[in-house]
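K.L.:
I'd like to ask you about the structure that follows.
The values are calculated or read from the model by the stated rules, or taken from the named source; none is laboratory data. Just so it is clear, the model here is predicted, and its values are computed rather than measured. When we count neighbours, we look across all protein chains shown, and the Cβ atoms used for this are built from the backbone with ideal geometry, even at glycine.
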Amino acid sequence: MAAVVERERKYAGDDGFRLPDLTGCGGVASMSDATAYDLDAVYHDTADLRLARSGYALRRRTGGHDAGWHLKVGAAGGPRTEYQFPAGPDDVEPPAELVGLYRAAARGAPVAPAARVTTRRREHRLLDEQGRVLAEVAQDAVESHDLVSDERQTWHEIEVELVDGDDPLLDAVQERLRAAGARPVSVSKSHRALGGRLAAVADRPRTDPAAAAVLDHLRAQRDALIANHPAARHGDEDAVHDMRVAIRRLRATLRTFRGLWGRPESGELRAELRWLGAQLGAVRDAQVMAARLETAVHAEPPELVLGPVAARIAQRFAADAATALDGLGRAFDSDRYPELLSRLDRLVEGRPARTVTRRWVNRRVRRALTRADHRLDSALLACEQGPERDAALHEARKAYKAARYAVEVREPAVGKPAATLLSRLKDLQNRLGAYQDSVMTREVLRREALRAYADGGNTFTYGLLHARQAAAADRELPAVAAARERAGRRKVRRWLKG
């Protein structure tokens, strides 16, 4: 299976639209003659179009230079990842490798043919002076057929897809196309083909604006989970991180605003999200610690690195990451995972159990902030240096994350005042995070030193790195206190009184 990042832009033009000469745009020296293709794609989806609603497109296409099964992830008009798998003439079911990638978006449900899209394509290549292909420009005459509703459509569109070019090239081509009468569009062929049915399933129950803000925030995090699933399945560090953060936001928001739903409902969902977060956390923690220790070892003068410290650490965490990734794969393949997502759908797409006001939402945001302030103040003033204070500071950090996520719910409506508070909370959270990183790194170094000692190795470097981390933690505490003061200023939080 191949995976490529697709960077393209789409345009619509009238029947009389003529493709202009694009030489001179962003380094384009020449345009090739047009090559014609006949493309025939059958798009598959669940009965309730979960793939399309999640920004996925699964198709089996014939014709062109990349015929086969394709799974596209991401919204049209921006970067999309396309997973490609070859198909035999009799292959009518998606391959298992692709099923594992879209299983979350489908909520474990089966897929079936949903729409057929045929395209008569005329494609030009945009070349630089050395003959490199910078981009491909396709003029498409499209016919679609919704295989369930029997709706049929025809239209023309222009696609510009980068090959070796860059975004400035896309900008230059867009300017030339718009001058010729083309209009930017951001709807994929599959979404346009399914447009009628998508509109019918997209309706949500109307709710009050205050509750709607909370639900919008939850839906955004649900969508982030689904969007990052395919890459996270393969251990992509950014995707694993983004999924983990989305889960933290979901859990925190469900707790902060738990009065919107029945407690058993939201409590059980938080527990399931915690389970999934633990699987992602095991992978992410191994990745982060490996990189952190590698950087720390390489920062030391060679004469102070005694023994194969870097090799031992790399080997240890590579094994840990592989084991954790296997566990994450089992979680993704379990029935528990799509059921979790379905329960989340029911909560964020349904009607809350009660009507709330803006003041009710603000009051819960204030409570989250007060809880975090109290925990940090207690940790800084009441705890002596040692494990007890380390644990108290970690709890304060988690509380500030929850408070920050609560403020995010109000940011779209409040604007700059909320953004200012978010910036200061993020700085405080990062300071506490740096302190917690040093705590965790010291414990790992202690354990690795014991292993090295048991193997008869030299432990000097482990002790040196441990001391460096302790010193970094001591330097961080004054910065934590200063960040706490900036985030707690009355004028920064004044807007929460309303």
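K.L.:
Which condition number does R125 fail, the rest of (1) surrounded by fewer than 17 Cβ atoms within 10 Å (Cβ to Cβ); (2) charged (D, E, K, R); (3) at pLDDT 95 or above being met?
P.N.:
Checking R125 against (1) surrounded by fewer than 17 Cβ atoms within 10 Å (Cβ to Cβ); (2) charged (D, E, K, R); (3) at pLDDT 95 or above, the one that fails is (1).
K.L.:
For region 276-296: of the residues being under 25 Å from R222 (Cβ atoms) and among the charged types (D, E, K, R), which is surrounded by the fewest Cβ atoms within 10 Å (Cβ to Cβ)?
P.N.:
The initial filter retains those residues of region 276-296 that are under 25 Å from R222 (Cβ atoms), namely 276-285, 287-288.
Checking which are among the charged types (D, E, K, R) leaves us with 284-285.
Working: R284: 22, D285: 17.
That would be D285.
K.L.:
Under 6 Å between Cβ atoms, which residue pairs at least 6 apart in sequence (or on different chains) link something in region 260-278 that is assigned by TED's automatic domain parsing to the domain that holds D326 with a partner that is part of a loop (DSSP other than H, G, I, E, B)?
P.N.:
L260/P352; W261/A353; G262/A353
K.L.:
On to the next question. Residue check: is V137 surrounded by fewer than 20 Cβ atoms within 10 Å (Cβ to Cβ) and within 22 Å of D15 (Cα to Cα)? Working first, answer last.
P.N.:
Working: surrounded by fewer than 20 Cβ atoms within 10 Å (Cβ to Cβ): no; within 22 Å of D15 (Cα to Cα): yes.
No.
K.L.:
If the requirement is being of a type outside the set (V, I, T) and within 19 Å of E265 (Cβ to Cβ), which of these qualifies: L347, L393, L376, L380? Lay out the reasoning, then the answer.
P.N.:
Details: L393 fails: within 19 Å of E265 (Cβ to Cβ); L376 fails: within 19 Å of E265 (Cβ to Cβ); L380 fails: within 19 Å of E265 (Cβ to Cβ).
When all the criteria are applied, what remains is L347.
K.L.:
So, one more: Scan A271, A311, A299 and give me the residue that is out of contact with any Ser or Thr (no Cβ under 9 Å at 6 or more places or on another chain) and closer than 28 Å to S334 by Cα.
P.N.:
Details: A311 fails: closer than 28 Å to S334 by Cα; A299 fails: closer than 28 Å to S334 by Cα.
After applying the criteria, what remains is A271.
K.L.:
Would you pick out the residues in region 178-225 that are among the basic types (K, R) and under 27 Å from M243 (Cβ atoms)?
P.N.:
Residues of region 178-225 among the basic types (K, R): 178, 183, 189, 192, 197, 204, 206, 219, 222.
Of everything in region 178-225, those that are among the basic types (K, R) and under 27 Å from M243 (Cβ atoms) turn out to be R204, R219, R222.
K.L.:
Could you say whether any residue in region 171-185 is surrounded by fewer than 17 Cβ atoms within 10 Å (Cβ to Cβ) and in contact with a Pro (Cβ under 6 Å, 6 or more places away or on another chain)?
P.N.:
yes
K.L.:
Quick one: which of V163, V148 is in the same structural domain as Y11 (by TED's automatic domain parsing) and without any contact (Cβ under 8 Å) to a residue 40 or more places away in the chain?
P.N.:
V163
K.L.:
Further, regarding this structure: If I ask for residues that are under 21 Å from D223 (Cβ atoms) and either surrounded by fewer than 20 Cβ atoms within 10 Å (Cβ to Cβ) or touching a helix residue (DSSP H, G or I) at 6+ places or on another chain (Cβ under 6 Å) (or both), which ones from region 36-48 would you list? Talk me through it step by step, then tell me what you get.
P.N.:
Keep residues of region 36-48 that are under 21 Å from D223 (Cβ atoms), which gives 43-48.
Selection gives Y43, D45, T46, A47, D48.
K.L.:
Quick one: in region 140-170, which of the residues that are aliphatic (A, V, I, L, M) and within 17 Å of Y11 (Cα to Cα) is surrounded by the fewest Cβ atoms within 10 Å (Cβ to Cβ)? Steps first, please.
P.N.:
First, pick out the residues of region 140-170 that are aliphatic (A, V, I, L, M): 141-142, 147-148, 158, 160, 162-163, 169-170.
Filter once more, keeping what is within 17 Å of Y11 (Cα to Cα): 141-142, 158, 160, 162, 169-170.
Values: A141: 13, V142: 18, I158: 22, V160: 24, L162: 21, L169: 22, L170: 20.
Within region 140-170, the match that is surrounded by the fewest Cβ atoms within 10 Å (Cβ to Cβ) is A141.
K.L.:
Also, I was wondering about something else. In the list R446, R424, which residue meets the criterion of being more than 28 Å from Q287 (Cβ to Cβ) and charged (D, E, K, R)?
P.N.:
So the residue among R446, R424 that is more than 28 Å from Q287 (Cβ to Cβ) and charged (D, E, K, R) is R424.
K.L.:
Give the residue that is modelled with the lowest pLDDT, with candidates limited to residues of region 73-113 that are of a type in the set (A, V, I, L, M) and in contact with a Gly (Cβ under 9 Å, 6 or more places away or on another chain). Break it down stepwise before answering.
P.N.:
Taking region 73-113 first, the residues of a type in the set (A, V, I, L, M) are 73, 75-76, 87, 92, 96, 98-99, 101, 104-106, 109, 111-112.
Add one more test, that the residue is in contact with a Gly (Cβ under 9 Å, 6 or more places away or on another chain), and what stays is 73, 75-76, 87, 105.
Numbers: V73: 94, A75: 74, A76: 66, A87: 87, A105: 96.
The selected residue is A76.
K.L.:
Tell me, please, whether a residue that is among the polar types (S, T, N, Q), assigned by TED's automatic domain parsing to the domain that holds L376 and either over 18 Å from E294 (Cβ atoms) or without any contact (Cβ under 8 Å) to a residue 24 or more places away in the chain (or both) can be found in region 467-479. Write out each step before concluding.
P.N.:
Going through region 467-479, the residues among the polar types (S, T, N, Q) turn out to be 469.
Checking which are assigned by TED's automatic domain parsing to the domain that holds L376 leaves us with 469.
Applying the additional criterion that residues be either over 18 Å from E294 (Cβ atoms) or without any contact (Cβ under 8 Å) to a residue 24 or more places away in the chain (or both) yields none.
The answer is no, given that none of the residues of region 467-479 is among the polar types (S, T, N, Q), assigned by TED's automatic domain parsing to the domain that holds L376 and either over 18 Å from E294 (Cβ atoms) or without any contact (Cβ under 8 Å) to a residue 24 or more places away in the chain (or both).
K.L.:
Cβ-Cβ distance below 7 Å, separation of 6 or more or different chains: which pairs start in region 289-311 with a residue that is within 20 Å of M440 (Cα to Cα) and modelled with pLDDT of 95 or more and end on one that is among the basic types (K, R) and exposed (fewer than 10 other Cβ atoms within 10 Å of the Cβ)?
P.N.:
Matching pairs, first to second residue: none at all.
K.L.:
When residues of region 480-492 are filtered for being within 11 Å of R424 (Cβ to Cβ), part of a helix (DSSP H, G or I) and either in contact (Cβ under 8 Å) with a residue 40 or more places away in the chain or within 30 Å of the chain's Cα centre (by Cα) (or both), how many remain?
P.N.:
5
K.L.:
Could you list, in sequence order, the residues of region 450-467 that are part of a helix (DSSP H, G or I) and crowded, with 16+ Cβ neighbours inside 10 Å?
P.N.:
We begin by selecting, within region 450-467, every residue part of a helix (DSSP H, G or I); these are 450-454, 460-467.
Across region 450-467, the qualifying residues are A452, T461, Y462, L464, L465, H466.
K.L.:
Would you confirm, using the coordinates I've provided, whether I247 is hydrophobic (A, V, I, L, M, F, W, C) and either in a loop (DSSP other than H, G, I, E, B) or in the same structural domain as R330 (by TED's automatic domain parsing) (or both)?
P.N.:
On the way: hydrophobic (A, V, I, L, M, F, W, C): yes; either in a loop (DSSP other than H, G, I, E, B) or in the same structural domain as R330 (by TED's automatic domain parsing) (or both): yes.
Yes: the conditions hold for I247.
K.L.:
Taking region 421-449, which residues are in contact (Cβ under 8 Å) with a residue 60 or more places away in the chain and either aliphatic (A, V, I, L, M) or in a loop (DSSP other than H, G, I, E, B) (or both)?
P.N.:
In the first step, residues of region 421-449 are kept if they are in contact (Cβ under 8 Å) with a residue 60 or more places away in the chain; the result is 421, 424-425, 427, 437, 440-441, 444-445, 448.
Selection gives L421, L425, M440, V444, L445.
K.L.:
When you go through R371, R351, R336 one by one, which is the residue that is within 30 Å of the chain's Cα centre (by Cα), at pLDDT below 95 and not β-branched (V, I, T)?
P.N.:
Values: R371 fails: at pLDDT below 95; R336 fails: at pLDDT below 95.
Within the list R371, R351, R336, the selection yields R351.
K.L.:
Based on what the data block shows, is K398 more than 30 Å from L250 (Cβ to Cβ) and either free of Cβ contacts under 8 Å to residues at least 60 places away in the same chain or outside the structural domain of R248 (by TED's automatic domain parsing) (or both)? Quick ask: steps written out before the conclusion?
P.N.:
Values: more than 30 Å from L250 (Cβ to Cβ): no; either free of Cβ contacts under 8 Å to residues at least 60 places away in the same chain or outside the structural domain of R248 (by TED's automatic domain parsing) (or both): yes.
No; evaluated as a whole, the condition is false for this residue.
K.L.:
Still on this structure: In region 207-238, what residues are over 18 Å from P412 (Cβ atoms) and surrounded by fewer than 21 Cβ atoms within 10 Å (Cβ to Cβ)? Step through it out loud before you land on a result.
P.N.:
Start the filter on region 207-238 by keeping residues that are over 18 Å from P412 (Cβ atoms), which leaves 225-238.
Residues satisfying the conditions are A231, R233, H234, G235, D236, E237, D238.
K.L.:
Okay, next question. Are there any pairs with C-beta distances below 8 angstrom linking a residue in region 176-205 that is assigned by TED's automatic domain parsing to the domain that holds P79 to a residue that is crowded, with 19+ Cβ neighbours inside 10 Å and among the β-branched types (V, I, T), with the two at least 6 apart or on different chains, and if so which?
P.N.:
Here the result reads L177/I158; L177/V160; A182/I158; K189/V117; K189/T119; S190/V117; A193/V117, each pair linking region 176-205 to a residue that is crowded, with 19+ Cβ neighbours inside 10 Å and among the β-branched types (V, I, T).
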